[in-house]
Amino acid sequence: MRVLHCNPASEEYQIWLPYTWGRFREFCDHRSGYDLSSIEWLDPIYLGWYDVARLIGDTDFANVDVLLLSFYVWNEERQWEIAKIAREQNPNILILGGGPQSQYKPHQNTKSYEVCDYVTPWEGEELLAEILHRRLAGQSIADLDELDLLVDPRNPVDKVVPKRLKLMDAKSPFILYKDDFIRFANHILTITNALCTMWETNRGCPYKCSFCDWGSATSDKIRRYRKEQVLEEINIFGELKLSYVFNADANFGIFKEDLEYITKVVEIKIKTGYPKELQFSAAKNKKEISNAAHKLLFDAGMCGGAQISFQHTDGQVLEAIDRSNIKQEKLSEELEEAFKNNIPLVGVSILGNPGDTV
């Protein structure tokens, strides 16, 4: 069975390594209880061309059994078009949509998502392994819809059941598929020097800010990857010659180990010249570690400053968007710390919130 993951970049000349492809493959290869060794993982689609014909190149969807589409706001329309082309070439292809942009509720734009057989907004690794196992065994996956794990966009629902993964037994895709990632990186570097990757040390966020587009893991406890593994995979950042690393933790700096991770990244930068830049989203209230991390990165020339998220300055509006958990004195501490360390700050606010007036 041949599986193709597609996640077009948001920009044509800032291209991201296919980290999600690595996560899917890692779970199916090493954590699933099923034997999925017969799965053939095709090279994913990860470039950013806006011209879909150029983006999919000479991809022959007639030779693809399962197409995985990761949706976000910047690639949604291209993904719909790719799904239509895939279906025309192969009426029997199974098309699964996922990611924060996936629409599955009655009031959403589910009509456009009917190009997919099913969608889910939740973590997809374990669910994908179950689907692939059933397809290999000739079993139906229809009951996964009935269990509200998958949604047929033709029959939208208000709620989907989350499948939370344990991460301590997870392995690093950067380590497992290092040769593949180096191959992808070298390919990208023939097009542009803007080679980026996402990087996780944990998943989940205890807050529930109503505007958040982080994905499905908000208002949830934080689950962590093993510290030793995180430190080991940082070594590969230099070999990949990354220009930019985005840490995808929702609250970086909430754990003391986070400063060790940044210290290690800076060591690799000094040793190899890469990665050139790293950014993270700082913990909402505990600022000591994130401030120290920003100082290390700034002194190493790896960040242009820090971001301070006011979101709004009106208490009633903050309460309306479930963001009243961050106190003004905490924001003041962050301002003073950055000023003391001579680190530039970018202030962020959101306009057009519930409760806003002209």
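Among beta bridges from DSSP that stay inside the chain, the antiparallel ones total about 10%.
For the chain, the longest principal axis of the alpha carbon atoms and the long axis of helix 328-340 meet at an angle near 70°. In whole angstrom, note down how far apart the Cα centers of region 134-200 and region 296-340 are. So the separation of the two Cα centres works out to 32 Å. Each Cα pair under 8 Å and six or more residues apart adds its separation to the average, and for region 126-251 the resulting relative contact order is 27 percent. Taking 0.36 nm per residue of separation and subtracting the Cα-Cα distance, full extension of the segment from Asn63 to Lys163 would add 33.0 nm. Along each principal axis, taking the top coordinate minus the bottom one, the Cα set of region 189-250 gives 40, 29, 11 Å in descending order. Return the FRET efficiency for the residue pair Glu260, Leu331: r is the Cβ-Cβ distance, R0 is 25 Å, and the value is rounded to the nearest 0.05. The computed FRET efficiency comes out at 0.45. About its Cα centre, the dipole of the chain is roughly 660 debye, where the only charges are +1 on Lys and Arg Cβ and -1 on Asp and Glu Cβ. Relative to the Cα centre, the charge distribution of region 213-275, modelled as +1 at Lys and Arg Cβ and -1 at Asp and Glu Cβ, gives a dipole magnitude of about 80 debye.
Within the accessible surface of the chain, defined with a 1.4 Å probe on protein heavy atoms only, the carbon and sulfur portion equals 49 percent. Got a sec? Which residues in region 13-48 would a label at Ile175 touch, if it sits 7 Å along Cα→Cβ and we count backbone N under 17 Å? Flagged as within label range: 22-32. Taken over region 206-358, the alpha-carbon convex hull comes to 119 cubic angstrom per residue. Could you tell me which of rounded, prolate or oblate describes region 177-289, using a ≥ b ≥ c as the square roots of the eigenvalues of the alpha-carbon gyration tensor, with rounded for a/c under 1.5 and, failing that, prolate when a/b is larger than b/c and oblate otherwise? Prolate, because a/c is 1.5 or more and a/b exceeds b/c.
Normalised by 2.2 N^0.38 Å, with N the number of residues, the alpha-carbon radius of gyration of region 1-128 equals 1.01.
Beyond 32 Å in Cα-Cα separation lie the following of the pairs Lys171/Lys221; Lys163/Lys256; Lys276/Lys340; Lys163/Lys241: Lys163/Lys241.
As a length-normalised measure over Cα pairs under 8 Å and 6 or more apart, the relative contact order of the chain settles at 13 percent.
Residues in region 78-204 average 44 Å² of solvent-accessible surface per residue, probe 1.4 Å, ligands and nucleic acids excluded.
Its DSSP H runs of at least 4 residues, each contributing -39,500 (n - 2.57), put the calculated 222 nm mean residue ellipticity of the chain at -10000 deg cm²/dmol, to the nearest 500. For the chain, a Kirkwood hydrodynamic radius built from all Cα pairs, placed in the Stokes-Einstein relation at 20 °C and 1.002 mPa s, yields a translational diffusion coefficient of 99 µm²/s. Proximity of backbone amide H atoms, modeled 1.01 Å from N, is registered between Ile95 and Leu67, Asp117, Tyr118 at under 5 Å, excluding neighbours fewer than 5 places apart on the same chain.
Taking the C-alpha atoms only, the angle from helix 288-299 to the longest principal axis of the chain is near 90 degrees. The slack between Ala53 and Glu77, meaning 0.36 nm per residue of separation minus the straight C-alpha distance, is 7.3 nm. For region 256-322, the convex hull drawn through the C-alpha positions has a volume of 88 cubic angstrom per residue.
The values are calculated or read from the model by the stated rules, or taken from the named source; none is laboratory data. The shown structure was predicted, so the numbers you read here are calculated from the model rather than taken from an experiment. Neighbour counts are summed over all protein chains in view; Cβ atoms, including those assigned to glycine, are modelled from backbone coordinates with ideal geometry. Surface accessibility is based on the protein's heavy atoms, side chains included, excluding ligands, DNA and RNA. Shrake-Rupley method; radii C 1.70, N 1.55, O 1.52, S 1.80 Å.
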